[in-house]
Every structure is written in structure tokens, then in C-alpha cells.
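Peer 1: Okay, handing you the structure first.
The values are calculated or read from the model by the stated rules, or taken from the named source; none is laboratory data. Note that the structure is a prediction, hence the values are computed from the model and not measured. Note: ideal-geometry Cβ built from the backbone for every residue, glycine included; neighbour counts use all protein chains shown. All accessible areas refer to the heavy atoms of the entire protein, side chains included, with ligands and DNA or RNA removed. Shrake-Rupley method; radii C 1.70, N 1.55, O 1.52, S 1.80 Å.
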Protein chains: 2
Amino acid sequence: MATIRDVAKLAGVSVATISRYLNKTGYVNIDTELKIKKAIETLNYEPSSVARGLAGKQTKTIALILPDISNPFFPELARAVEDVASTYGYTVIFCNSDDQGAKERTYIELLKKKYIDGIIFASNTLNKHDAEQINVNGIPIVCLDRAPDNHICSVVRSKNREGARLAVEHLLESGCRKIAHIYGPRDLITAQERMKGYEDAVKSLPWYSPSLMVPGNFRIDGGMQATETLLHGHPDIDGIFAGNDLMAIGTLKALHRMQIRVPDQVKVCGFDGIQMAEIMEPELTTVAQPIYEMGAIVSRLLIKKIEGSLDTNEIYELDVTLVPRKSTQKEAQL
Amino acid sequence: MATIRDVAKLAGVSVATISRYLNKTGYVNIDTELKIKKAIETLNYEPSSVARGLAGKQTKTIALILPDISNPFFPELARAVEDVASTYGYTVIFCNSDDQGAKERTYIELLKKKYIDGIIFASNTLNKHDAEQINVNGIPIVCLDRAPDNHICSVVRSKNREGARLAVEHLLESGCRKIAHIYGPRDLITAQERMKGYEDAVKSLPWYSPSLMVPGNFRIDGGMQATETLLHGHPDIDGIFAGNDLMAIGTLKALHRMQIRVPDQVKVCGFDGIQMAEIMEPELTTVAQPIYEMGAIVSRLLIKKIEGSLDTNEIYELDVTLVPRKSTQKEAQL
DNA sequence: CTGAAAGCGCTTACAG
DNA sequence: CTGAAAGCGCTTACAG
């Protein structure tokens with residue numbers, strides 16, 4: 001492959017001029033510009049990103065650290081990140097952390113060595129110390145959902161609490177008179193916020209009891225187990241708000257096995273708005289996060305930070321929307 | 001950050017020796033090794049991958065080009081790729097091609113500039129010309145499913161034809177007497193092979209007719225439409241083999257809307273073994289590809305090629321397994 | 001077993 | 001508007 005030196009020789013100018021032309025930094029005479037253009041074309045020259053990285057400290061590469069791409073929530077997010085990254089000429093390295101701090105740290109070390117330009121953190125275990133660690137190295141970072149304590153990076157998240165309230169209110173309006181909640185891992189801020197939203201909506205109601213909140217793990221199996229527990233303790237439940245769609249799917253499965261009809265006997269609402277919700281039978285009502293948009297925004301923020309046009313760290317809270325489907329349909333509508 | 005020069009100075013040896021120590025190339029005296037170790041530790045030295053890339057032409061980075069990570073088939077594959085890559089110290093860049101040749105070519109250009117060590121191609125539009133283009137540049141490449149004509153790269157795929165035959169035979173055994181097939185895009189080899197498998201199994205049967213094969217697009221909506229078409233033309237169909245799970249999900253949805261009971265009136269079988277198949281109601285019978293394993297194998301092959309311990313290009317055909325579920329259950333078993 | 005030196009392919013002041 | 005030169009942080013023959 002041709003190098004910048006070859007181009008310089010062929011065009012009859014210096015390497016520096018080629019570089020200036022390529023990066024549009026500094027003026028280049030129109031005539032020499034033409035010569036350069038021609039030389040580049042005939043040589044089929046492509047500048048080496050690696051050399052650029054070494055010399056200029058910019059690799060046009062960002063990293064996306066997420067818990068697990070197999071979790072149905074993340075593919076759409078990842079797609080959005082890659083889409084906007086690529087339109088800005090960035091390339092994305094993707095890392096599965098399994099929400100393990102150790103893996104995250106290992107990746108961060110690796111990424112630093114690669115002179116990565118920035119990191120999108122969609123993982124939950126990043127603590128203050130780690131974030132500072134990254135910041136010390138001057139690597140821009142933007143987080144999803146979780147804000148690592150001090151305002152060390154921008155954060156993009158949905159209105160989880162409000163969304164949860166919406167979900168419960170929708171269940172109430174659909175005729176539910178006793179609504180339970182299956183919550184996700186307590187160390188996840190999303191799970192906490194959704195739990196709060198549930199409490200906001202029901203704590204003043206006569207039937208409310210803390211035993212209506214049971215733990216799940218944000219996975220299908222957790223939703224199934226929690227549902228069994230729930231109906232064992234409270235056979236009169238007629239509404240379940242699951243902290244995410246996967247658990248809601250588990251709920252639907254469990255109810256089906258128990259031969260409890262949805263939405264006739266029990267109505268179910270999830271949270272997230274993943275594709276799977278729509279293919280369920282009955283179709284699952286959910287509070288949809290703007291997943292693709294979240295990915296797009298977080299990427300744009302990061303790129304702005306990298307390119308220096310953003311130096312404040314703010315929290316962006318995105319609106320959620322209730323998507324009513326069959327699983328919460330009123331009897332009258334049937 | 002400390003550089004190799006700092007380490008050399010502190011350890012009182014030359015840069016070359018540090019490099020040799022780091023790369024385990026050439027002998028290093030035990031005493032100086034100790035000094036080097038200490039120096040590295042006190043300086044917290046981490047070699048720059050970028051500099052290594054420039055000097056040594058190895059970036060320890062591979063690319064995964066797939067059509068769309070949002071397609072439920074790919075997350076698990078991507079996860080496998082990343083898992084094995086990371087255990088071998090490689091990092092993975094992921095690219096969504098949407099099966100568009102133009103995007104693929106753009107990516108390849110970009111990746112070449114980044115001195116990527118190798119490419120995994122899970123996309124379908126790579127043609128002979130492109131593959132040669134890559135090969136000319138000496139970038140190792142391994143493909144999924146599709147072999148670009150001449151044996152220019154290794155290929156990993158499942159036994160699609162055999163799997164399709166298995167599916168149809170299973171439907172026959174389950175009591176079906178007229179089985180239709182919804183096939184995927186004709187330019188995809190997987191779709192072609194599965195169609196052949198279907199034909200293998202049914203073409204000698206009395207009821208066989210080419211009109212029992214209708215096109216889908218490998219997506220849910222395609223499965224729905226095809227199913228409607230099918231039942232319109234052949235109301236007596238009692239079995240449908242969809243070319244992939246997404247279309248089978250569409251089939252289930254369409255049948256539900258038409259109030260046709262599965263598996264009582266019509267039995268349905270898909271292909272792929274994605275997670276979604278299991279959450280359907282009724283649960284979807286499918287021919288499962290070893291998705292994770294495919295990703296793992298393809299990655300190992302690529303890394304072997306990169307590291308020079310593999311120079312032949314072969315085709316690896318992996319076994320598929322029929323996973324019988326509710327959607328094909330015999331009446332007797334109900 | 002170890003060092004000096006060239007080179008990987010760029011960018012970036014500094015002069016002019 | 002343009003060039004010479006140093007530098008980014010490594011690796012790799014080549015000597016010794």
C-alpha cells in the first residue's frame with residue numbers, strides 16, 4: 001500500500017503538505033491541491049489510521065461496554081451506537097462485561113492501550129473509583145442509566161420512576177384492584193426507580209402491602225418464579241407490573257402454566273419495550289424506553305465530548321411511552 | 001503514561017531488551033529480567049497497542065461484519081465471537097452491513113486502514129471480487145454460511161439441508177399429511193439449502209405441489225403474509241415448515257389471528273433455535289443451529305489463521321438438532 | 001544475552 | 001502557502 005511519502009513524491013510536494021490537505025488543517029494552494037488529489041487517486045492512497053493514531057492520538061474508535069449483547073435489550077442499543085458512530089467516521093469495539101467489575105476493569109486497561117477515543121458505558125458496576133481512573137486518563141466517557149456518583153460523566157437514561165407510575169396507573173384504569181410488583185436487582189438504579197414508581201402509585205391505596213413486591217432478576221426465569229411466589233401468597237392479585245419485559249414474559253409463561261387467563265383474570269405490564277413483548281400471546285403491554293434513541297443520543301454525546309464541543313456533564317432523562325396491548329385489555333373491550 | 005523508553009532507563013537496559021522481554025522473543029538474562037519486571041511495575045507501564053500496531057503490523061483486533069445485530073440470530077453469535085476473541089487477547093470491532101455490498105466495502109476499506117488482523121464475515125453479499133480484494137491485502141478472513149465461490153476463505157455453517165429434512169420428517173411423524181414451506185430470500189444459501197431439504201423430504205409424496213412453497217423474507221411479517229397466502233390457496237394444509245424461526249413466529253401469529261389452532265389443526269416448525277422460539281405460546285418446535293458454537297469456532301479459526309497455524313481453507317459443517325416443542329405435538333400426547 | 005539504529009506512517013510545531 | 005525535522009512508542013534485523 002502507498003504511504004504519504006509516495007504521494008508526496010508523486011505530487012512533488014512535502015509530506016507535511018499532504019497531511020495538511022488530508023486533515024484540512026492550514027491552507028493549501030489550489031494548484032498543489034489538484035496535484036495532490038491526482039497523486040492520491042493514481043496511487044489509490046489510504047492513510048493509515050494506526051499511524052495517525054500514534055502521531056495524533058486520535059484513533060476514531062470508541063468502545064461500547066455492555067453487560068451482555070445476548071440480553072434482548074442491548075442489540076437495538078448497540079445498533080444505534082454503531083449507526084451514529086459510523087456516520088461520524090468512528091468504529092466501535094464492543095465488550096461484554098457480564099456486569100462484573102473485574103471484566104470491566106480489564107477491558108478498560110486494554111482500551112487505554114489502544115488509544116480509544118471514548119467509552120460508552122451501559123454496564124452497571126462501574127464505581128466511582130473506576131470512573132475516576134478513566135477520567136484521569138482523559139478518556140471521555142458517557143454512561144447509560146447509572147451515574148457514577150459525582151458528575152464525572154454525562155448520563156442518558158429514561159424516566160424510570162415516572163414510567164413505572166404510568167404502568168401501574170394503566171393497570172388501575174384497566175380495572176385492576178390489587179397490583180403486585182416484581183422488581184429487578186436492587187443494586188441497579190433502574191430497578192430501584194421503577195420500584196419507587198410503583199410505590200408512588202399504590203402506597204396510599206387500601207390494599208397496599210409490602211409483600212406485594214417480590215424480587216426477580218430481570219430475567220425470564222426470575223419472572224416465572226416471582227409470579228408463582230406472588231400468586232401463592234396473594235391468590236387475589238389481578239394485576240402484575242414486572243420491572244422489565246423479560247420478567248413480564250416469565251410472568252405470562254407462569255400464569256399460562258397455572259392456567260390463569262391473561263388479561264381476564266390477571267393483567268400484566270412490563271417495562272422496556274423490547275421486540276419480544278410484541279410476539280407474546282397475549283401481546284404484552286409495556287412501558288417502552290426509546291432504546292434506539294438512547295443509543296443514538298449517548299453516541300452523539302460521546303462524540304461531541306471527544307471532539308471538544310461539549311465539556312459539561314449532564315443527565316438526560318428521556319420520555320417513556322406506555323404501549324397498551326392485549327395483556328392489559330379491559331374485559332369490556334374483549 | 002510511561003513508555004518503553006522510561007522502563008529501559010529505569011531498568012538500565014536497552015529498549016530492545018524490554019521489547020524482547022515483553023514479547024518473549026529472544027533470550028533475556030534472568031537478572032535483567034528481574035530488573036525489567038520491577039521497572040515495569042514501579043512505572044505501571046503498559047505497552048501501547050497502537051505503537052505496536054504500527055511497528056509490528058499486529059493490532060490484536062478483529063472485525064465482525066454481520067447484517068444486523070438487531071436480528072435475534074446474531075447477538076448470541078456476536079457474544080461467542082467476543083468471548084473467544086477476548087480470551088485470546090483480541091478485541092472485536094462490530095459492523096452492521098444490512099447485507100448491502102456498498103456498506104461492506106466501505107467497512108472493509110476502513111478496517112484495512114486500521115490494520116485489523118482479520119475479519120469474520122457473517123454477511124451474505126460478499127462476492128468473489130470483494131473477497132479477493134481482501135485477500136490481496138493479506139487479511140485473513142473466515143465466513144459464516146456463505147462460501148465466496150473459490151476457496152478463498154474457511155467457512156463455518158450448519159447442515160441446513162439435512163436440518164430441513166429433519167424438520168419435515170418430524171412433521172410427518174407428528175401426523176401431518178400436507179406440509180407447506182415458507183422459504184427465505186433466494187439469494188441466501190441458507191434459504192436455498194433448507195428449501196432443498198424440504199423438497200428432498202416431500203417431493204415423492206402424492207400431495208406434493210410446488211405451490212406449497214411460498215416466499216418469505218426471513219422476518220416475522222414475511223412469515224405472517226406467507227401463511228395467509230398459503231392457507232388461502234391450500235386450506236387443507238396441516239403442517240408448515242418455515243425457513244427460519246422469525247418466519248415461524250409470524251406463522252404462529254397469523255394462525256392465531258385466523259383462529260386456527262396450533263398444533264391441533266396445523267403444526268409449525270421453524271429453523272435456527274433462537275431464544276424467541278421458546279417464549280412463544282405454543283412453544284415453537286425448531287431445528288436448532290449451534291449458534292454460540294458457530295461463533296466460537298469461526299473465531300478460533302480466524303485466530304489460528306492470523307497466528308499462522310492454519311493455512312488451508314475448509315468448510316466446517318456443524319450438526320443441527322431438532323428441538324420438539326408444543327407447536328408440533330401429536331394429538332395423542334395432548 | 002544485549003545494544004544501536006532504522007523504520008513503521010503519520011502529525012505538528014517551527015521556520016521561511 | 002510550504003518544507004525540514006522531530007516525535008508518537010514500539011519492533012526488528014544486524015552486530016557484537
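Peer 1: Under 5 Å between amide H atoms, partner at least 5 residues away or on a different chain: which partners does residue A:119 have, H built in plane at 1.01 Å?
Peer 2: Close amide H contacts, sequence-distant or interchain: A:63, A:141, A:142.
Peer 1: Name the residue farthest towards the positive end of the dipole of chain B from the options B:11, B:303, B:174, assuming +1 on Cβ of Lys and Arg, -1 on Cβ of Asp and Glu, about the Cα centre.
Peer 2: After comparing all options, I get B:11.
Peer 1: List the relative contact order of segment B:4-47 as a percent without decimals, with contacts defined as Cα pairs under 8 Å and 6+ residues apart.
Peer 2: On the way: 34 pairs, mean separation 18.7, N = 44.
Relative contact order here is 42 percent.
Peer 1: Moving to a separate point now. Are there chymotrypsin sites (Phe, Trp or Tyr not before Pro) in segment A:1-73 that DSSP marks as loop and that have at most 11 other Cβ atoms within 10 Å, and which are they?
Peer 2: Working: sites: A:21, A:27, A:45, A:73; in loops: A:27, A:45, A:73.
Of the chymotrypsin sites (Phe, Trp or Tyr not before Pro), the ones in loops of segment A:1-73 whose Cβ has at most 11 other Cβ atoms within 10 Å are A:27.
Peer 1: Where does segment B:219-294 land on Rg(C-alpha)/(2.2 N^0.38 Å)? Show your work: numbers first, answer last.
Peer 2: Working: Rg = 11.9 Å, N = 76, 2.2 N^0.38 = 11.4 Å.
Ratio of Rg to 2.2 N^0.38 Å for segment B:219-294: 1.05.
Peer 1: Give the relative contact order (percent, whole number) for chain A; include only Cα pairs under 8 Å separated by 6+ residues. It would help to have the intermediate numbers written out before the result.
Peer 2: Details: 625 pairs, mean separation 55.8, N = 334.
Dividing the mean separation by the residue count of chain A yields 17 percent.
Peer 1: From the label point of residue B:106, set 7 Å along Cα to the beta carbon, how far off in nm is each other copy's matching point, shortest first?
Peer 2: 3.4
Peer 1: Tell me, what ³J(HN,Hα) does each residue in segment A:228-235 have, in order and in whole Hz, if you take phi through Karplus 6.51 cos²θ - 1.76 cosθ + 1.60 with θ = phi - 60° and put x for Gly and Pro?
Peer 2: 4, 3, 4, 6, 6, x, 10, x
Peer 1: So what is the diffusion coefficient of segment A:4-47 in µm² per second by Stokes-Einstein at 25 °C and 0.890 mPa s, using a Kirkwood Rh over Cα pairs?
Peer 2: Calculated translational D: 247 µm²/s.
Peer 1: Another question, if that's okay. For residue A:23, which inter-copy label distances result when the label point lies 7 Å beyond Cα on the Cα-to-Cβ vector, reported in nm to one decimal and in ascending order?
Peer 2: 2.7
Peer 1: Further question: How high is the FRET efficiency between residue B:208 and residue B:316 when r is their beta carbon distance and R₀ equals 30 Å, given to the nearest 0.05?
Peer 2: On the way: r = 33 Å, r/R0 = 1.09.
Computed FRET efficiency for residue B:208 and residue B:316: 0.40.
Peer 1: Counting Lys +1, Arg +1, Asp -1, Glu -1, what net charge surrounds residue B:224 among other residues with beta carbon under 15 Å of its beta carbon?
Peer 2: Details: positive: B:219, B:253, B:257; negative: A:278, A:281, A:283, B:221, B:228, B:245.
It works out to a net charge of -3.
Peer 1: Of the beta bridges DSSP finds with both residues in chain B, what % are antiparallel, to the nearest 5?
Peer 2: Working: 3 of 37 bridges.
DSSP beta bridges in chain B are roughly 10 percent antiparallel.
Peer 1: With +1 on each Lys and Arg Cβ and -1 on each Asp and Glu Cβ, and nothing else charged, work out how big the dipole of segment B:4-47 is about its Cα centre, in Debye to the nearest 20. Could the numbers behind the result be given before it?
Peer 2: Details: 7 positive and 5 negative charges, 18 e Å.
Using only the charged Cβ atoms, the result is roughly 80 debye.
Peer 1: With only Lys, Arg, Asp and Glu charged, each at its Cβ (+1 for the first two, -1 for the last two), find how big the charge dipole of the protein assembly as shown is about the Cα centre; round to the nearest 20 debye. If you can, show how the numbers build up before the last one.
Peer 2: On the way: 78 positive and 84 negative charges, 371 e Å.
Result for the protein assembly as shown is approximately 1780 debye, rounded to the nearest 20.
Peer 1: Also, quick follow-up: Apply the Karplus curve 6.51 cos²θ - 1.76 cosθ + 1.60, θ = phi - 60°, to the phi angles in segment B:88-102 and return the couplings in whole Hz, x for Gly and Pro.
Peer 2: Per-residue couplings from phi come out as 9, x, 9, 10, 10, 9, 10, 9, 9, 9, 6, 6, 9, x, 4 Hz.
Peer 1: Further question: When the expected Rg is taken as 2.2 N^0.38 Å, what fraction or multiple of it is the alpha-carbon Rg of chain B? Let's see the in-between values first.
Peer 2: Numbers: Rg = 25.6 Å, N = 334, 2.2 N^0.38 = 20.0 Å.
For chain B, the normalised Cα radius of gyration is 1.28.
Peer 1: Other chains' Cβ within 10 Å of A:39-48 residues: what's the mean?
Peer 2: Details: counts 0, 0, 0, 0, 0, 0, 0, 4, 1, 6.
Mean shielding count: 1.
Peer 1: Provide B:24, B:253 ordered by accessible surface of protein heavy atoms (probe 1.4 Å), highest first.
Peer 2: On the way: B:24 165, B:253 25 Å².
Output order, biggest surface exposure first: B:24, B:253.
Peer 1: Can you compute the charge dipole magnitude of segment B:187-334 about its Cα centre, using +1 on each Lys and Arg Cβ and -1 on each Asp and Glu Cβ, nothing else charged? Give it in debye, rounded to the nearest 20. Present the calculation step by step, with values, prior to reporting the outcome.
Peer 2: On the way: 14 positive and 21 negative charges, 52 e Å.
Value, rounded to 20: 240 debye.
Peer 1: Just to confirm a number: summing +1 for Lys and Arg and -1 for Asp and Glu over residues other than residue A:205 whose beta-carbon lies under 10 angstrom from that of residue A:205, what do you get?
Peer 2: On the way: positive: A:177, A:178, A:203; negative: none.
That sum, taken over residues with Cβ under 10 Å, equals +3.
Peer 1: List the residues whose amide H sits under 5 Å from the amide H of residue B:286, counting only those 5 or more places along or on another chain, with H placed 1.01 Å from N in the peptide plane.
Peer 2: For residue B:286, the qualifying residues are B:270, B:323, B:325.
Peer 1: Have a look at segment B:242-274 and report residues whose accessible surface goes down by 30 Å² or more when the remaining protein chains are included, against the chain on its own, probe 1.4 Å, ligands and DNA/RNA excluded.
Peer 2: Those are B:253, B:256, which lose 30 Å² or more relative to the chain on its own.
Peer 1: Under a point spin-label approximation (7 Å from Cα along Cα-to-Cβ), what is the residue B:87-residue A:3 distance to one decimal in nm?
Peer 2: 3.9 nm
Peer 1: Could you compute the net charge surrounding residue B:277? Neighbours are other residues with a C-beta less than 12 Å from the C-beta of residue B:277; K and R count +1, D and E count -1.
Peer 2: On the way: positive: B:325, B:326; negative: B:245, B:272, B:278, B:281, B:283.
Charge balance in the 12 Å sphere: -3.
Peer 1: Right, something else. On a 0 to 90 degree scale, rounded to 10, what angle separates helix B:160-173 from the longest Cα axis of chain B?
Peer 2: For B:160-173 against chain B, the angle is about 30 degrees.
Peer 1: In cubic angstrom, how much convex hull volume per residue do the alpha carbon atoms of segment A:170-231 span? Write out the running numbers ahead of the final one.
Peer 2: On the way: hull volume 5.6 nm³, N = 62.
Hull volume normalised by residue count: 90 Å³.
Peer 1: So in the protein assembly as shown, what percent of DSSP beta bridges are antiparallel if you round to the nearest 5? Can you show the working numbers first?
Peer 2: Working: 7 of 75 bridges.
Around 10 percent of the beta bridges assigned by DSSP in the protein assembly as shown are antiparallel ones.
Peer 1: So, for segment B:1-138, what is the accessible surface per residue at a probe of 1.4 Å, expressed in square angstrom? Don't jump to the answer; show the numbers that get you there.
Peer 2: On the way: 6290 Å² over 138 residues.
For segment B:1-138, the per-residue accessible area is 46 Å².
Peer 1: Let me ask something else. Need one value for A:89-96: mean number of C-beta atoms belonging to other chains within 10 Å of its residues' C-beta atoms.
Peer 2: On the way: counts 1, 1, 11, 4, 7, 10, 4, 5.
The mean count of partner-chain Cβ atoms within 10 Å per residue comes to 5.
Peer 1: May I pose another question? What are the ³J(HN,Hα) couplings of segment B:54-64, residue after residue, when phi is run through the Karplus curve with 6.51, -1.76, 1.60 and θ = phi - 60°? Round to Hz, x for glycine and proline.
Peer 2: Coupling constants for segment B:54-64: 5, 6, x, 6, 9, 9, 6, 10, 10, 10, 10 Hz.
Peer 1: Ignoring everything except DSSP H segments at least 4 long, calculate the 222 nm mean residue ellipticity for chain B; use -39,500 (n - 2.57) per segment, divide by total residues, nearest 500.
Peer 2: Working: 13 runs with 150 residues, N = 334.
So the calculated ellipticity at 222 nm is -14000 deg cm²/dmol.
Peer 1: List every residue whose amide H lies under 5 Å from the amide H of residue B:2, counting only residues 5 or more places away in sequence or on a different chain, with H placed 1.01 Å from N in the peptide plane.
Peer 2: B:46
Peer 1: Counting only other chains, and only Cβ atoms inside 10 Å, what mean value do you get across the residues of B:225-236? Could the numbers behind the result be given before it?
Peer 2: Numbers: counts 0, 0, 0, 0, 0, 0, 0, 0, 0, 0, 0, 0.
So the per-residue partner count for this stretch is 0.
Peer 1: To continue, here is another question. In the calculated pair distance distribution of segment A:1-126, what percentage of Cα-Cα distances lie above 24 Å? List each step's numbers first, then the result.
Peer 2: Working: 3596 of 7875 pairs.
More than 24 Å apart: 46 percent of the Cα pairs in segment A:1-126.
Peer 1: Report the far tail of the P(r) of the protein assembly as shown, meaning the percent of Cα-Cα pairs longer than 41 Å. Intermediate values should be presented prior to the final figure.
Peer 2: Details: 83411 of 222778 pairs.
Value for the protein assembly as shown (Cα pairs over 41 Å): 37 percent.
Peer 1: For segment A:206-334, what % of the accessible area comes from carbon and sulfur atoms, probe 1.4 Å? Walk me through the numbers on the way to the answer.
Peer 2: Working: 2700 of 5550 Å².
Within segment A:206-334, the accessible surface is 49 percent carbon and sulfur.
Peer 1: Still on this structure: Rounded to the nearest 100 Å², what is the sum over both chains of accessible area buried where B meets A, with a probe of 1.4 Å? Before the final figure, lay out each step's value.
Peer 2: Numbers: alone 16510 and 16530 Å², together 28680 Å².
Summed over both sides, the interface buries about 4400 Å².
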